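Here's the structure we're looking at; comments come further down.
The values are calculated or read from the model by the stated rules, or taken from the named source; none is laboratory data. These figures come from a predicted structure and were not determined experimentally. Using ideal geometry, Cβ is built from the backbone for each residue, glycine included, and neighbour counts are taken over all protein chains shown. What goes into the accessible areas is simple: the full protein's heavy atoms, side chains included, and nothing from ligands, DNA or RNA. Shrake-Rupley method; radii C 1.70, N 1.55, O 1.52, S 1.80 Å.
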Amino acid sequence: MVSTVQNSDVKQKNEDQAVVVAVTFAAVFDAEAEDDRDVYRLGVALPLLQVLQRVNERLLEENPVEHQLFDIILITTETRQQQQSSSIITSTRHHGLEVGRFCFSSEDDFIESLAQNNVQLFLTTDGNEALRATQQGVPSALLDKNSASCPSDQLRVVLCQDATIQPDADSSGASKKSAQSFLTRLGQIRQKFGMFNSPLCFTIVTSCGGKDSCCSALKSLRSLGVSVDEAYCLGGAPRGPILSILRPHFLLSDGFSQLEG
Amino acid sequence: MSLNNSQTLTISGQDVVKNGSQHSLEDANTLLKPSTPSKKPPKPENSITIAVSSRVLFNMEKEQQIFEQQGMEEYIKYQVEHETEPFSPGPAFSFVKALEAVNTQLRDLYPESEELFDVVLITNNHAYVGLRLINTINHHQLFIERFCMTGGNSPIGYLKAYNTNLYLSSDPVKVHEALGEGIAAATMFTPDKMTEVSETQLRVAFDGDAVLFSDESEQIYKAHGLDKFFEHEKAHENKPLDHGPLKGFLEVLGKLQKKFYAKGQRMDCPIRTYLVTARSAASSGARALKTLRLWGLEIDEALFLAGAPKGPILEKIRPHIFFDDQMFHVEGAAEMGTVACHVPYGIAQRVPEKKGLKDKEVSSIK
């Protein structure tokens with residue numbers, strides 16, 4: 001049974017225009033460590049939460065009545081977590097996190113609650129959860145311990161293009177469509193800032209395909225309204241060194257299917 | 001060079017004639033095979049990575065002007081509007097083409113080997129300009145499958161990530177940064193006219209002090225004058241000089257040359273290297289040659305100019321690229337149509353040169 005609770009500390013976002021990002025409990029908090037006052041310590045998603053907040057601040061600076069903001073919801077994906085609702089709410093408010101809503105669901109129904117809340121991006125530390133969500137048409141990305149060292153003044157989104165992923169194999173038509181819609185919204189947000197000093201940066205990394213593969217990626221993103229800032233074509237070279245320089249907050253790949261940190 | 005010529009010259013070491021005739025038979029068979037349609041770029045750890053910026057590979061003068069006079073937005077707008085118009089070649093273009101020619105010959109001789117040149121485009125440009133650059137690469141049929149468009153971020157991290165052996169840019173600040181990180185780098189200038197260069201043989205010319213060698217001797221000259229310099233070099237003839245920023249690049253060229261020698265191609269090797277130095281053959285030259293020998297490096301031709309200008313001799317050699325640490329020589333070379341690059345290393349960058357003095361004795365040591 002899913003329940004949704006608003007966070008009264010945070011101003012609610014416009015439902016139609018906000019870009020809803022769901023982050024799991026295990027990503028937001030370090031679930032193992034709980035100090036005496038029933039407050040969880042923060043987990044790997046902290047820089048991401050900070051940077052999404054930063055983008056919102058910059059958007060409001062540009063336009064004080066901006067509605068196309070990031071709306072962050074915290075979602076539980078296990079029954080055990082679902083039962084800790086009051087600790088979760090307390091911890092969130094204690095740390096002053098800009099979480100708009102809480103979704104208390106279990107492993108059986110969290111996908112449903114993603115759909116109910118019109119989630120456009122689902123962030124988790126669990127690969128299985130990411131896969132399940134993608135298969136049901138919700139774009140997902142994996143967060144890991146590397147995410148903890150990402151910058152918090154610029155949201156770095158890296159799109160990984162790998163010629164080995166077949167466009168239609170892993171993702172259904174619906175998930176491809178929702179991935180495109182999410183990218184389009186991000187593109188719209190990016191457009192609100194100039195070339196320099198943008199709080200959001202789009203990068204393409206083409207791993208195996210050659211320059212023509214990168215070329216068609218640039219063109220198809222442009223048709224979605226996404227202007228790419230940086231492009232790296234690796235020609236088969238390993239991704240690791242480049243990614244450690246880029247320090248993405250999250251990696252999105254072709255169909256937003258199986259991803260790595 | 002025809003086979004006849006090579007047979008009459010004295011070669012130390014291998015029997016060229018025997019290998020040569022075997023080689024030409026193999027060669028004929030290889031040439032009849034159709035070339036592989038999709039060549040994969042080599043793995044970075046195996047290949048020799050040459051990183052070039054967009055402005056040295058292509059002529060982007062007009063666009064650069066727009067950027068300087070009208071700003072970034074206009075520059076991007078112009079680039080996107082002209083996306084399908086390829087840029088014309090820049091000063092590094094013929095060098096890159098020559099690298100590809102060497103690769104073709106290496107692939108013929110060693111089809112399984114990944115010890116090849118790998119040209120990477122590393123540019124500060126935003127990905128907006130990316131399509132025009134990719135279109136241009138395709139138009140000129142360049143084999144460049146790796147690039148970084150850093151959108152304004154420093155390229156240095158990427159240079160290191162790709163194990164870059166040589167970085168060429170038109171921006172002296174980036175070149176300086178690269179040298180500071182131990183990467184061989186040089187600022188490339190566009191000569192007003194570019195003399196024709198070979199399409200089959202790669203020719204690379206190096207200055208000696210502060211390029212292949214350290215600037216230790218140069219420091220002596222600057223501090224104590226020419227006589228002291230000659231004295232010092234003679235006295236230390238048998239003590240090798242310390243290495244300079246481009247020594248590693250000469251080394252990798254030598255490695256590839258040996259691969260050609262192993263297949264009998266010593267006389268018509270597709271790679272030829274030159275030392276063009278103001279040292280004099282009579283005195284200070286010996287130390288330079290002995291140092292190279294101690295390092296196990298060969299240089300095909302050593303030209304000791306004893307202070308004479310380098311432009312005319314380079315015009316005869318026709319290298320695809322020439323490296324020098326002193327702008328005076330870079331400019332002199334460029335004036336006569338050689339693609340010359342400045343290596344901003346060593347004492348010459350801090351002490352102003354004594355330019356324009358005719359007297360050989362007091363003219364700059366290089």
What about residue B:154, is it among the small types (Gly, Ala, Ser), modelled with pLDDT of 95 or more and either surrounded by 17 or more Cβ atoms within 10 Å (Cβ to Cβ) or closer than 29 Å to residue A:200 by Cα (or both)?
no
Given the conditions (1) outside any helix (DSSP H, G or I); (2) under 21 Å from residue A:144 (Cβ atoms), report the number of the one that residue A:50 does not fulfil.
(1)
Suppose we filter region B:221-230 for residues that are farther than 16 Å from residue B:280 by Cα and open to solvent by 50 Å² or more (accessible area, probe 1.4 Å); how many remain?
2
When you check residue B:68 against the structure, is it out of contact with any Phe, Trp or Tyr (no Cβ under 8 Å at 6 or more places or on another chain) and either within 17 Å of residue A:214 (Cβ to Cβ) or within 12 Å of another protein chain (Cβ to nearest Cβ) (or both), yes or no?
no
Looking only at region B:307-317, which residues are surrounded by fewer than 16 Cβ atoms within 10 Å (Cβ to Cβ) and in a loop (DSSP other than H, G, I, E, B)?
B:308
Return only the number of the condition from (1) away from every other protein chain (no Cβ under 14 Å); (2) within 22 Å of residue B:341 (Cβ to Cβ) that residue B:107 does not satisfy.
(2)
Quick one: would you say residue B:120 is out of contact with any helix residue (DSSP H, G or I) (no Cβ under 6 Å at 6 or more places or on another chain), under 28 Å from residue B:245 (Cβ atoms) and within 14 Å of chain A (Cβ to nearest Cβ)?
yes
Residues of region B:318-328 classified as touching a Lys or Arg at 6+ places or on another chain (Cβ under 8 Å) and open to solvent by 10 Å² or more (accessible area, probe 1.4 Å), total
2
Residue B:83 fails exactly one of the following numbered conditions: (1) assigned to a loop (DSSP other than H, G, I, E, B); (2) touching a Lys or Arg at 6+ places or on another chain (Cβ under 6 Å); (3) buried (at least 22 other Cβ atoms within 10 Å of the Cβ). What is the number of that condition?
(3)
If you go through B:237, B:233, B:181, B:218, the only one that is at negative phi and loosely packed, with under 15 Cβ neighbours inside 10 Å is B:181
Selected residue (criterion: surrounded by the fewest Cβ atoms within 10 Å (Cβ to Cβ)) from residues of region A:207-224 that are facing chain B (nearest Cβ under 10 Å) and outside any helix (DSSP H, G or I):
A:208
Quick one: in region B:69-80, of everything that is within 20 Å of residue A:197 (Cβ to Cβ) and open to solvent by 100 Å² or more (accessible area, probe 1.4 Å), which residue is modelled with the lowest pLDDT?
B:73
Which condition from (1) more than 14 Å from every other protein chain (Cβ to nearest Cβ); (2) closer than 14 Å to residue B:52 by Cα; (3) polar (S, T, N, Q) is the one that residue B:195 breaks?
(2)
When region B:124-140 is checked residue by residue, the ones that are within 23 Å of the chain's Cα centre (by Cα) and at pLDDT below 95 are B:124
Within region A:225-254, the residues that are hydroxyl-bearing (Ser, Thr, Tyr), surrounded by 21 or more Cβ atoms within 10 Å (Cβ to Cβ) and facing chain B (nearest Cβ under 7 Å) are A:232
Can you tell me which of (1) at pLDDT below 95; (2) within 14 Å of chain A (Cβ to nearest Cβ) is the one residue B:112 doesn't meet?
(2)
Would you check if there is a residue in region A:190-206 being of a type outside the set (A, V, I, L, M, F, W, C), surrounded by fewer than 21 Cβ atoms within 10 Å (Cβ to Cβ) and at the interface with another protein chain (Cβ under 7 Å from one of its Cβ atoms)?
no
Residue list for region B:130-145, restricted to those being out of contact with any strand residue (DSSP E or B) (no Cβ under 9 Å at 6 or more places or on another chain) and more than 20 Å from residue B:94 (Cβ to Cβ)
B:131, B:132, B:135
Suppose we filter B:175, B:197 for residues that are outside the structural domain of residue B:119 (by the TED database) and under 19 Å from the mean Cα position of the chain (by Cα); which single one remains?
B:197
Check B:331, B:335, B:298 and return the single one that is out of contact with any helix residue (DSSP H, G or I) (no Cβ under 7 Å at 6 or more places or on another chain) and more than 18 Å from residue B:215 (Cβ to Cβ).
B:331
From the list B:287, B:293, which residue is open to solvent by 40 Å² or more (accessible area, probe 1.4 Å) and over 26 Å from residue B:336 (Cβ atoms)?
B:293
If a residue must be of a type outside the set (A, V, I, L, M) and either touching a His at 6+ places or on another chain (Cβ under 6 Å) or more than 17 Å from residue A:234 (Cβ to Cβ) (or both), how many such residues does region B:154-185 contain?
13
